[in-house]
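Q: Can you keep this structure in mind? I'll have questions shortly.
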Amino acid sequence: MSEKLRSKYCIAGIGESELGQLDRQSAINLNLIASKRALDDAGISAKEVDGVIAMSSSREGISLLSLRLGELLGMMPLSFILDLDLEGATAAAMVQHAVMAMEAGMCRAVLCVLGGAGKMKAGEPHDINEISQEEEEFYVPYGMFDITARYAMAARRHMHRYGTTSRQLGLIAVAERAHARLNPIATMKEPMTIDEHQSSPWAVEPLRLLDCPFQSDGAGAFVVVPKARAKDLKCPPAFIMGMGQSHPHREILDSASLTTTGAKVSGEIAFRMAGLSLSDVDVAELSDPVTYAVLVQLEDYGFCKKGEAGAFLESEGIELNKAKIPVNTHGGLLSCADVPGILHITEAVKQLRNGCGERQVAEAEVALVSGSGGVMSTHMTLVLGK
Amino acid sequence: MTKVLQRPLPRPTPESKPFWDGCRNHQLLIQKCKSCGDLRFPPSLLCPSCSSLETEWVPSSGKGEIWSHAVFHKVYHPAFERNIPYVVAVVELEEGVRMVTNIVGCAPDEVSIGMAVEVFFDDVAPEVTIPRFKPSKTEDAQVKTDEDQGPLPQR
């Protein structure tokens with residue numbers, strides 16, 4: 001990405017709906033509530049917003065969701081809309097598309113919103129996803145269900161190659177739970193010890209249930225505007241300093257490696273745009289569809305060398321008040337709420353605003369945020385700054 | 001009403017039909033680009049290396065090694081309940097392509113990355129044969145077929 005775009009746009013406001021098991025809430029209402037809160041937070045009126053990006057709505061049965069949300073929020077007519085679905089990479093991609101649309105002169109302020117309701121029963125791990133013909137034909141007849149099985153195979157390769165253990169993966173789950181306990185909006189607040197992680201049943205071996213997120217309802221939203229519009233906002237903006245993408249494979253059958261992800265290249269692109277390096281980062285909110293995804297990103301982003309994340313977790317780790325760069329300070333998908341990636345962004349903005357109370361990282365000035373979809377197939381990086 | 005659960009079986013496409021026909025004849029066939037010779041799996045319309053639409057089918061040795069694997073302890077589909085715990089693996093064939101399969105003929109904790117395996121054709125229905133893999137040098141008679149796991153549950 002061009003360095004000319006460094007800090008030219010910013011996240012002006014953030015919002016979150018209620019999170020957890022919300023029996024009587026529709027997806028569209030959760031999206032509306034999060035959107036309203038983001039607009040209020042920014043102090044920007046709905047009329048001023050002329051672009052909307054929503055998560056592609058096939059899952060919710062609402063077509064043209066971005067347009068309908070704009071209509072229900074009183075933003076019509078809109079000049080830019082996009083329904084987007086890159087799974088867990090969607091939210092971070094929204095930031096990038098918002099910047100691109102404004103840079104192209106298509107709109108002046110973009111609302112990005114994502115969330116859902118009533119998909120699964122609470123307390124169950126990910127269930128069978130919508131499946132393609134290819135999956136139905138070449139995966140399901142062997143009893144291969146669920147994205148977790150693919151992550152399990154990826155983790156197995158790391159374990160085989162580098163000696164990584166289930167217990168080391170557990171340290172990620174334990175740290176994220178400890179963070180969630182300090183976050184008023186987090187859904188999973190029961191304390192978790194490493195022994196509890198180690199005695200939790202297999203989801204798909206070698207991943208345990210506590211290596212996986214629990215389904216929850218909820219939505220998040222944010223508003224992106226040019227720097228010039230940021231002068232009289234209600235809250236301090238978070239500047240979009242760097243952004244990048246990298247997509248090494250779609251399916252594991254075609255992946256060169258499941259022990260290195262797109263984070264490496266995506267991170268290099270984003271840090272180059274930002275003119276920064278990992279040593280400038282104060283807090284990181286990394287995509288965590290399972291614990292293993294965090295472990296491999298620690299290596300790919302350079303927290304430690306390739307193959308050494310297990311030992312890194314045992315020494316420095318990722319926990320607040322212990323780690324040099326605390327990771328997933330809101331609790332992540334694993335313990336805050338499984339709303340694809342967007343709460344990683346709202347948390348990063350809160351940290352940069354010094355608004356996190358007990359879980360605030362001291363003097364947080366630069367935040368690293370990632371999003372990933374598929375089986376570490378698509379990767380997005382954001383570098384945000386004060 | 002009680003009914004026997006249906007096991008999910010592959011429904012071939014025009015591109016994949018030769019593969020499943022081959023399995024039915026206990027032959028593991030791999031799609032090969034007629035133009036550049038690259039092999040690919042699963043079957044697809046055009047060659048990712050050279051974009052050619054021309055393909056042919058060549059027999060695989062049926063031998064390979066385990067690239068990675070996962071063990072299912074939890075029932076995701078009731079038709080697989082009798083198989084728990086079962087191993088789903090990605091096997092890399094000698095010819096270089098990878099496929100998702102099951103490892104049969106040994107206990108789940110005996111399976112490891114790099115283990116040499118060879119194909120075992122499991123005739124699961126009158127018209128359908130599924131290629132699974134067993135440790136090399138295991139006799140077919142020692143392998144439990146899907147049928148050997150007991151009857152499908154009734155619901």
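Q: Looking at A:Ser216, A:Ser266, can you tell me which residue is in contact (Cβ under 8 Å) with a residue 40 or more places away in the chain and closer than 30 Å to A:Arg24 by Cβ?
A: Working: A:Ser266 fails: closer than 30 Å to A:Arg24 by Cβ.
Being in contact (Cβ under 8 Å) with a residue 40 or more places away in the chain and closer than 30 Å to A:Arg24 by Cβ holds for just one of A:Ser216, A:Ser266, which is A:Ser216.
Q: Among the numbered criteria (1) out of contact with any strand residue (DSSP E or B) (no Cβ under 7 Å at 6 or more places or on another chain); (2) surrounded by 24 or more Cβ atoms within 10 Å (Cβ to Cβ), which one does A:Ser287 miss?
A: Only one criterion in (1) out of contact with any strand residue (DSSP E or B) (no Cβ under 7 Å at 6 or more places or on another chain); (2) surrounded by 24 or more Cβ atoms within 10 Å (Cβ to Cβ) is unmet by A:Ser287, namely (1).
Q: Ok, one more. If you check A:Ile194, A:Ile185, A:Ile172, A:Ile240, which single one turns out to be modelled with pLDDT of 95 or more, in contact with a Phe, Trp or Tyr (Cβ under 6 Å, 6 or more places away or on another chain) and more than 14 Å from every other protein chain (Cβ to nearest Cβ)?
A: Answer to the check: A:Ile240.
Q: How many residues does the stretch A:363-377 hold that are under 12 Å from the mean Cα position of the chain (by Cα) and modelled with pLDDT under 95?
A: Summing the residues that are under 12 Å from the mean Cα position of the chain (by Cα) and modelled with pLDDT under 95 in the stretch A:363-377 gives 1.
Q: State whether the residues of the stretch A:205-212 include one that is surrounded by fewer than 19 Cβ atoms within 10 Å (Cβ to Cβ) and either in contact with a helix residue (DSSP H, G or I) (Cβ under 6 Å, 6 or more places away or on another chain) or part of a strand (DSSP E or B) (or both). First the steps, then the outcome.
A: Taking the stretch A:205-212 first, the residues surrounded by fewer than 19 Cβ atoms within 10 Å (Cβ to Cβ) are A:209.
Now restrict to residues that are either in contact with a helix residue (DSSP H, G or I) (Cβ under 6 Å, 6 or more places away or on another chain) or part of a strand (DSSP E or B) (or both): none.
There is no residue in the stretch A:205-212 that is surrounded by fewer than 19 Cβ atoms within 10 Å (Cβ to Cβ) and either in contact with a helix residue (DSSP H, G or I) (Cβ under 6 Å, 6 or more places away or on another chain) or part of a strand (DSSP E or B) (or both).
Q: Looking at (1) closer than 30 Å to B:Pro126 by Cβ; (2) of a type in the set (D, E, K, R); (3) within 14 Å of another protein chain (Cβ to nearest Cβ); (4) more than 16 Å from the chain's Cα centre (by Cα), can you tell me which one B:Arg40 breaks?
A: For B:Arg40, the exception is condition (4).
Q: In addition: Could you list all residues from the stretch A:153-168 that are more than 14 Å from chain B (Cβ to nearest Cβ) and touching a Leu at 6+ places or on another chain (Cβ under 6 Å)?
A: The answer is A:Gln168, and nothing else.
Q: Assuming A:Ala104 fulfils every condition listed in (1) closer than 27 Å to A:Val366 by Cα; (2) out of contact with any helix residue (DSSP H, G or I) (no Cβ under 6 Å at 6 or more places or on another chain); (3) crowded, with 20+ Cβ neighbours inside 10 Å apart from one, which condition is it?
A: (3)
Q: Still on this model: Report, by residue number, each residue of the stretch A:137-152 that is touching a residue at least 40 places away in the same chain (Cβ under 8 Å) and either out of contact with any strand residue (DSSP E or B) (no Cβ under 7 Å at 6 or more places or on another chain) or facing another protein chain (nearest Cβ under 7 Å) (or both). Explain how you work it out, then say what you get.
A: Of the stretch A:137-152, the ones touching a residue at least 40 places away in the same chain (Cβ under 8 Å) are A:146-152.
Scanning the stretch A:137-152 gives A:Asp146, A:Ile147, A:Ala149, A:Arg150, A:Ala152.
Q: Among the candidates A:His160, A:His197, single out the residue that is closer than 30 Å to B:Asp146 by Cβ and either touching a residue at least 24 places away in the same chain (Cβ under 8 Å) or assigned to a helix (DSSP H, G or I) (or both).
A: A:His160
Q: Using beta carbons and a limit of 9 Å, which pairs, at least six apart or on different chains, have the first residue in the stretch B:7-36 and within 12 Å of chain A (Cβ to nearest Cβ) and the second one at pLDDT below 90 and part of a loop (DSSP other than H, G, I, E, B)?
A: B:Arg7/B:His77; B:Arg7/B:Asp146; B:Arg7/B:Leu152; B:Pro8/B:His77
Q: Closer than 18 Å to B:Arg7 by Cβ, of a type outside the set (D, E, K, R) and surrounded by 16 or more Cβ atoms within 10 Å (Cβ to Cβ): is that true of B:Pro131 in this structure?
A: Numbers: closer than 18 Å to B:Arg7 by Cβ: yes; of a type outside the set (D, E, K, R): yes; surrounded by 16 or more Cβ atoms within 10 Å (Cβ to Cβ): yes.
Yes; evaluated as a whole, the condition is true for this residue.
The values are calculated or read from the model by the stated rules, or taken from the named source; none is laboratory data. Just so it is clear, the model here is predicted, and its values are computed rather than measured. Virtual Cβ from ideal backbone geometry, glycine too; neighbours counted across all protein chains shown.
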